[in-house]
Amino acid sequence: MGRVAEMITSYHNHTLWSDGTTEVAAMLAAAVEARLTEVGISDHFVLTPGRQAVEWSMPVERVGEYVRAVRAAECPVAVRLGVEADYFPENEAQVREALAPYPWDYVIGSVHFVDGFAVDSAPEPWEALSPSERDDVFRGYWARVEGLARSGNYDFVGHLDLPKKFGFAPQVDLGDAIARALDAIAAAGMAIEINTAGALKPCREFYPSRGLLAECHRRGIPLLINADAHAPEHLAWEFDAARRLAWEVGYRSLVRYERRRPIPYPLAP
């Protein structure tokens, strides 16, 4: 893997602080084994508008403890402090306030819910929807990605086209909604990720699709390659294939983060 790119980072990773399967220390040990240059821990923080508990998210009162645990971890690989924070249009200011006290290296912005509908929890809720209702979810999803980008709360977007996870696709043309979302990401100076975990899901492809990735490149949107790992063995899963895809659509650099500042580095062919 080292011959593909001198620097190898993996920033989108989960531990027992949210829905991962292992402790921070085990994930960091895997980073050493995978010969990563930098590894990030980015557990879920979901602050819903009604402050309802989400079982796969750390509660707000434990965020400080999480930050201290990650910062105290010892590892020969550089460790970056991250968090994956959900976007809801109803409480942008509250999320900003909750994140503000902490020295994040990066904040991943994700949309897992559209008007209470969990887009990636299971296929059965999707199956219960009519085609037009599914279209409404897709449309609402892209509107929220646009809002996420405009909020200023986040550094890069997680799993950009997540609603495809279970193999469903919109029956209407959402090109304008998607373009508005991508334009907002570009205008905000945000990045996106190739999230290799999508290839393990029923959709059987990375997030985002090749076509969406090409549209991001056309807009000059910076890129990371991440695994969305919930177990140590997935920490750098399919990174070679992701790098090839990035190169094929035109990317010649990737970005890493320190204290929420994007730093580009070369992508080798």
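Computed from the coordinates by the stated procedures, all read-outs in this text should not be read as laboratory data. Remember, it's a predicted structure, so these values are computed and weren't measured experimentally. All Cβ positions, even for glycine, are placed from backbone atoms using ideal geometry, and neighbour counts span all protein chains on display.
Computed values, structure above
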read-out	value
Order by protection proxy (mean Cβ within 10 Å, highest first), peptides 86-94, 117-125	86-94, 117-125
In nm, spacing of pseudo-spin labels at GLU90 and GLU74 (7 Å Cα→C-beta vector)	4.6 nm
Theoretical ellipticity at 222 nm over the chain - DSSP helices of four or more residues, -39500 (n - 2.57) apiece, nearest 500	-9500 deg cm²/dmol
ILE178, ILE185 arranged by Cβ crowding within 10 Å, fewest neighbours leading	ILE178, ILE185
Nitroxide proxy distance, nm - points 7 Å out along Cα→Cβ at LEU16 and GLU97	3.3 nm
Under the span-like rule (Cα at least 15 Å along the axis, Kyte-Doolittle mean at least 0.0), DSSP H helices of the chain	175-187
Amide H partners (placed H, <5 Å) of ILE41, local residues excluded	ARG80, GLY82
Least to most buried among CYS75, CYS216 (fewest other Cβ within 10 Å first)	CYS75, CYS216
Computed label-point distance, nm, for sites ASP176 and ARG210 using a 7 Å Cα→Cβ extension	2.9 nm
Ranked by how many other beta carbons lie within 10 Å on average, peptides 259-266, 132-139, 38-45 from highest	38-45, 132-139, 259-266
Within-12-Å neighbourhood charge of LEU200 [Cβ basis; K, R +1; D, E -1]	-1
³J(HN,Hα) computed for each position of the stretch 192-205 - Karplus, 6.51 cos²θ - 1.76 cosθ + 1.60, integer Hz, glycine/proline x	10, 10, 7, 9, 6, 4, x, 5, 8, 9, x, 5, 6, 8
Whole-angstrom gap from the stretch 177-210 to the stretch 216-266, using each part's C-alpha centre	11 Å
Relative contact order of the chain, pairs being alpha-carbon contacts under 8 Å that are 6 or more residues apart, as %	21 percent
Proxy reagent accessibility, fewest Cβ within 10 Å first, across THR15, THR48	THR48, THR15
